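The values are calculated or read from the model by the stated rules, or taken from the named source; none is laboratory data. For clarity, every value in this text was computed on a predicted model and none was experimentally measured. Cβ coordinates were reconstructed from backbone atoms using ideal geometry, including for glycine residues, and neighbour counts include every protein chain displayed. Note: accessible area is taken over every heavy atom of the protein model, side chains too, but ligands, DNA and RNA are not part of it. Shrake-Rupley method; radii C 1.70, N 1.55, O 1.52, S 1.80 Å.
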Amino acid sequence: MSDTRHTKVLIIGSGPAGYTAGIYASRAMLDPILVQGIEPGGQLTTTTEVENWPGDTEVQGPDLMIRMQDHAKAMGCEVIGDIITKLDTTSRPFKATGDSGTVYTADAVILATGARAKWLGLETEEKFKGFGVSACATCDGFFYRGQEIVVIGGGNTAVEEALFLTNFASKVTLVHRRDELRAEAILIDRLMKNPKIEPLWFHELVEVTGTESPLSVEGVKVKHTKTGEITEILCKGVFVAIGHAPSNELVKDVLETHMGGYVVTKPDSTETSIPGIFAAGDLTDHKYRQAVTSAGMGCMAALEAERWLAEQGEVEGRDVSEPLGYGAVAE
Ligand code: FAD
Ligand code: NAP
């Protein structure tokens, strides 16, 4: 039997944006419900050390996300393990349908569905996914102890994955389509100093090769981007780290998107084109895509949702003439 839950603020997503929105919306006494989605804790649960979260010189991504979840819960946010499969924004209250069968009705919605790994779209990449091809070194790196591995990409994720994989692999080849990495300088420095990592510039993956029974990777074919020459590299694992795309499925047909699907928000705001629907974090951000910026946007979204609800008369006792965030916490 389906269950219906009503909330003033429904937060969809449990990354830094979602949990921060949960903390602020709870402190604003809005009794938010946060639905975690398929990846509780979001992208940071797929990494190890996070070194740029202020206040922690170094913290493990999954630990940080548990702390954020506990913080949101301690402030009064109800955190629910469910996946929103449909969001109806055509009338208010908004209506979100959960995979569990629960229907969540909400006066305001904060979208914080983040982003997920992109794939190259090769037939053989798809074929060997889970059998030697992966997009998560922290999840699967352990299986390649003493083996040779190839990492594809040139951003922070690719470099971090390559470095992390040296804990297990005998050798890591970083295949990048240019000869310049877009990763942070500190990571490039570590990469270049690591004797187990060999960068292969101006190459792209064209095929993953392996055995059929059992399905298992034996190597890759890479193509020189200028000469077209094909080189074969023997390896047991292939980690694709070519960036992330926004998880916009719930709203891509109703909200404006740009730059490859990122939800457009009003300047200096998390307001979307639908009043009462706010968007925060990697779902909206094609530029910075950091935990701290996502958390910042989660904060903005909760404050803006509170203001909007007050303007609608949904929250009593709020002075909407006050600056945003100022005096927002009911004592
Ligand atoms: P995400 O973290 O992407 O979380 C999205 C959430 O939405 C998930 O919980 C998911 O389950 C949920 N969701 C999606 N769809 C639905 C749905 N239909 N229903 C319900 N819930 C849904 N940034 C840094 O600042 N420092 C780092 O060191 C760093 N390291 C990184 C390492 C890796 C390997 C990766 C991939 C990223 C890293 N980043 C790092 C980037 C950082 O993780 C992101 O910027 C940040 O997590 C974005 O937060 P978010 O809250 O917008 O979304
Ligand atoms: P990214 O910065 O978008 O980099 C993607 C990389 O993959 C680029 O080097 C790109 O090449 C390459 N690429 C893209 N499409 C390709 C294709 N079809 N074939 C071959 N190569 C391809 O993505 P990311 O590294 O996943 O990072 C995403 C965001 O998370 C960034 O904002 C990043 O800063 C953040 N992040 C931060 C940290 C950290 O702070 N420590 C760690 C991980 C991620 P080009 O360079 O040629 O475009």
Open item on the list: Out of the trypsin sites (Lys or Arg not before Pro) in the stretch 192-245, which ones are loop residues according to DSSP with at most 13 other C-beta atoms within 10 Å?
Closed with: Lys226
Task: Among the listed pairs Lys127/Lys223; Lys95/Lys266; Lys221/Lys252; Lys118/Lys221; Lys73/Lys252, those beyond 27 Å (Cα-Cα) - done: Lys221/Lys252; Lys73/Lys252
Task: Under the Karplus curve 6.51 cos²θ - 1.76 cosθ + 1.60, θ = phi - 60°, whole-Hz ³J(HN,Hα) for the stretch 244-261, x wherever Gly or Pro sits - done: 10, 10, x, 8, 10, 3, 5, 10, 5, 8, 10, 10, 5, 10, 8, 6, x, x
Open item on the list: With angles folded into 0 to 90 degrees, how steeply does helix 291-311 sit against the dominant principal axis of the chain? Use alpha carbons for both and round to 10.
Closed with: 20
- [ ] Compute the relative contact order of the chain as a whole-number percentage, counting only Cα pairs closer than 8 Å that sit 6 or more residues apart in sequence.
- [x] 20
Open item on the list: Using a 1.4 Å probe on the protein heavy atoms, what percent of the accessible area of the chain belongs to carbon and sulfur?
Closed with: 50
Open item on the list: I'd like the accessible area for Cys235, computed on protein heavy atoms only with a 1.4 Å probe and all protein chains in place. Round to 10 Å², please.
Closed with: 10
TODO: Round to the nearest 0.05 the FRET efficiency obtained for Lys266 and Glu180 when R0 = 45 Å and r is the Cβ-Cβ distance.
DONE: 0.85
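Which sequence of Tyr262, Tyr288, Tyr24 reflects their accessible areas, 1.4 Å probe, from the largest down?
Solvent-accessible surface, decreasing: Tyr288, Tyr24, Tyr262.
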TODO: Enumerate cysteines in the chain without a disulfide-compatible partner, where compatibility requires another Cys Cβ under 4.7 angstrom.
DONE: Cys77, Cys235, Cys299
- [ ] Working from Cα positions, state the angle (0 to 90°, nearest 10) between the long axis of helix 61-74 and the longest principal axis of the chain.
- [x] 10
TODO: Estimate the FRET efficiency between Tyr288 and Gln60 by the formula 1/(1 + (r/R0)^6), using the beta-carbon distance for r and 22 Å for R0, to the nearest 0.05.
DONE: 0.50
Task: FRET efficiency, 1/(1 + (r/R0)^6) with R0 25 Å, evaluated for Trp201 and Asn52 via beta carbons - done: 0.40
TODO: Would you mind working out the magnitude of the charge dipole of the chain relative to its Cα centre, with +1 at each Lys and Arg C-beta and -1 at each Asp and Glu C-beta, to the nearest 20 Debye?
DONE: 600
Task: Extension gain, Phe142 back to Leu120 (0.36 nm per residue minus Cα-Cα distance, nm) - done: 5.6 nm
Open item on the list: Give me the percent relative contact order of the stretch 119-240, please, defined on Cα pairs under 8 angstrom at least 6 residues apart.
Closed with: 30
Open item on the list: Can you tell me how the chain classifies by the Cα gyration tensor, rounded, prolate or oblate, using a/c under 1.5 as the rounded cut?
Closed with: prolate
TODO: List the residues of the stretch 29-43 whose backbone N lies under 19 Å from a point placed 7 Å from the Cα of His71 along the Cα-to-Cβ direction.
DONE: 29-36, 40-43
Open item on the list: Accessible area per residue for the chain in Å², computed with a 1.4 Å probe and the full protein assembly in place, what is it?
Closed with: 49
Task: Crossing angle, helix 16-27 versus the chain [Cα axis fit, 0-90 degrees, rounded to tens] - done: 20
Task: Cα lying deepest toward the dipole's positive end in the chain, options Thr265, Phe239, Thr293, charges on Cβ - done: Phe239
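Under a point-charge model restricted to the Cβ atoms of Lys and Arg (+1) and Asp and Glu (-1), what is the dipole moment magnitude of the stretch 119-240 relative to its Cα centre, in debye to the nearest 20?
240
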- [ ] Positive end of the charge dipole of the stretch 119-240 (Lys, Arg +1 and Asp, Glu -1 on Cβ, about the Cα centre): tell me which of Val172, Cys136, Leu215 has its Cα farthest that way.
- [x] Val172
